[in-house]
Structure formats: C-alpha cells, structure tokens
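J.: Can you read through this structure? Questions will come right after.
No value in this document is a laboratory result; all are computed from the given coordinates. On a predicted model such as this, the values are computed, not experimentally measured, just so you know. Neighbour counts are summed over all protein chains in view; Cβ atoms, including those assigned to glycine, are modelled from backbone coordinates with ideal geometry.
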Amino acid sequence: MAWIRVIGEDEADDELRAAFERVKGKRGKLSNIMAVHSLRPEAMTAHMDLYLATMFSRSDLSREEREMIAVVVSTSNRCPYCIRHHAEALGHYWRDPERLARFVEDREAVDVGPKMTVALEYAQKLTETPENVIEEDIESLRTAGFSDEDILSIALIVAYFNFVNRIVLGLGVEATEDEISGYQV
C-alpha cells in the first residue's frame with residue numbers, strides 16, 4: 001500500500017480510530033491516501049478538512065469541473081493513484097468511458113468548452129511551470145467568465161492536487177481495485 005508503515009484499523013489507538021471513523025463518515029470509506037497518514041492522525045483529519053473545503057464547499061465551480069481540474073493536475077504530475085480516483089469520479093458525471101480515456105490521455109483531445117479550456121490550461125501551467133504564471137493568465141480566466149472567487153477555487157484545487165500527488169508519489173501510495181470506487185460523490 002505504501003513505502004512507510006501504515007497502521008491498520010485493527011491496531012489503531014483511540015485517536016487514530018476516531019480519525020478513521022471521521023474520514024469514513026465523510027467519504028463512505030477509507031482511501032489509501034488517508035490511511036497513509038495513520039502515523040499522524042491530526043494530519044489525516046486536517047487533510048480531510050482541506051479536501052472537503054476544496055472539492056465539496058460552496059462554489060460556482062461544479063463538481064464535474066473540479067474533477068476535470070484534478071485529473072489534469074494529476075495527469076501532469078503522472079500520478080496514477082489520483083488519476084484513477086478522479087477519473088472514476090469524473091466518469092460519474094460524463095458516463096462516457098471513451099471520452100474519459102481520451103481526456104486522461106490528452107485533455108486537448110476532448111471538447112470541454114472554451115471556458116473550461118482556459119481553466120485547464122491555467123491548471124496545467126500552474127502545475128508544470130508555476131514560475132511562468134503571470135497576471136495575464138488570471139485576466140484570461142476573468143475574460144473566460146470566471147469570478148475572482150472562482151479563480152481562487154481553481155488555484156486551490158490545483159495546489160491541493162499538487163500537494164496530494166507529492167504525498168502519493170513520495171510515499172508510494174497505491175490504489176487497489178476495491179479502493180477506487182464506492183465513494184460518496
């Protein structure tokens with residue numbers, strides 16, 4: 001599951017058991033990305049709070065749009081774990097496996113509309129060459145129709161997935177077949 005020790009639910013102390021239960025209560029099950037935090041239960045709960053605030057809080061960005069950003073960032077970082085998880089979630093909205101496969105392979109091969117194209121270009125640029133992001137990139141998002149609150153949400157999603165991709169890739173977190181599906185969307 002990972003390259004570091006992960007404490008299982010059967011051996012968890014009260015604090016860790018509470019963290020596991022909190023995560024399962026929010027998402028329906030315990031993912032490996034959360035379980036890898038088992039040595040630091042407080043980090044697990046803080047991570048869950050950040051995830052929920054980024055992906056589920058009130059926003060003019062739809063869940064579908066957030067998942068598109070997640071897939072683009074994770075694809076840019078070549079993070080198979082997050083690609084699988086968030087392509088699964090995006091597939092829930094698209095219900096078109098061929099379109100989804102094309103998007104994962106090359107986001108530009110799928111028409112997501114001009115507004116989301118600008119957002120995904122920004123997400124990819126912020127991921128791959130953050131030092132090259134300039135004010136004109138933000139202005140392009142505004143021109144496409146995003147409010148400043150939307151732009152902040154996009155930047156937070158991009159930053160969150162870069163954070164998670166680094167945990168996954170840096171600790172060897174693996175996705176298992178039974179872990180990929182069945183989350184509350």
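J.: Rounded, prolate or oblate for region 43-172? Axes are the square roots of the Cα gyration tensor eigenvalues, ordered a ≥ b ≥ c, and the cut-off for rounded is a/c under 1.5.
T.: In terms of gyration-tensor shape, rounded.
J.: Treating only the Cβ of Lys, Arg, Asp and Glu as charged (+1, +1, -1, -1), what charge dipole size does region 9-56 show about its Cα centre? Round to the nearest 20 debye.
T.: 360
J.: Right, another one. Mind checking the full-extension length gain between A159 and L52? Use 0.36 nm per residue of separation minus the Cα-Cα distance, one decimal, nm.
T.: 37.1 nm
J.: Rounded to the nearest Å, what's the spacing between the alpha carbon centres of region 35-99 and region 117-184? Just the number, please.
T.: 10
J.: Still on this structure, please answer the following. Using the beta-carbon distance between M1 and A101 and R0 = 25 Å, what value does 1/(1 + (r/R0)^6) give for FRET efficiency, to the nearest 0.05?
T.: After rounding to 0.05, the efficiency reads 0.45.
J.: What percent does the relative contact order of region 26-124 come to when contacts are Cα pairs within less than 8 Å and at least six residues apart?
T.: Once normalised by length, the contact order is 22 percent.
J.: At 7 Å along the Cα-to-beta-carbon direction for both K125 and D60, put a label point, then send me their distance in nm to one decimal.
T.: 2.0
J.: Between T143 and R40, what is the label-point separation in nm under the 7 Å Cα-to-beta-carbon projection?
T.: Output for this residue pair reads 4.1 nm.
J.: Sticking with this one: Please name whichever of G28, A119, Y51 sits farthest to the positive end of the charge dipole of the chain, dipole taken about the Cα centre and charges placed at Cβ: Lys and Arg +1, Asp and Glu -1.
T.: G28
J.: Once Lys and Arg get +1 and Asp and Glu get -1 on their Cβ, which of A155, A18, H37 lies farthest toward the positive end of the dipole of the chain?
T.: Comparing the listed Cα positions along the dipole, A18 ranks first.
J.: Place a +1 charge on the Cβ of each Lys and Arg in the chain and a -1 charge on the Cβ of each Asp and Glu, then give the dipole magnitude about the Cα centre in debye, rounded to the nearest 20.
T.: Taking the Cα centre of the chain as origin, the dipole is about 300 debye.
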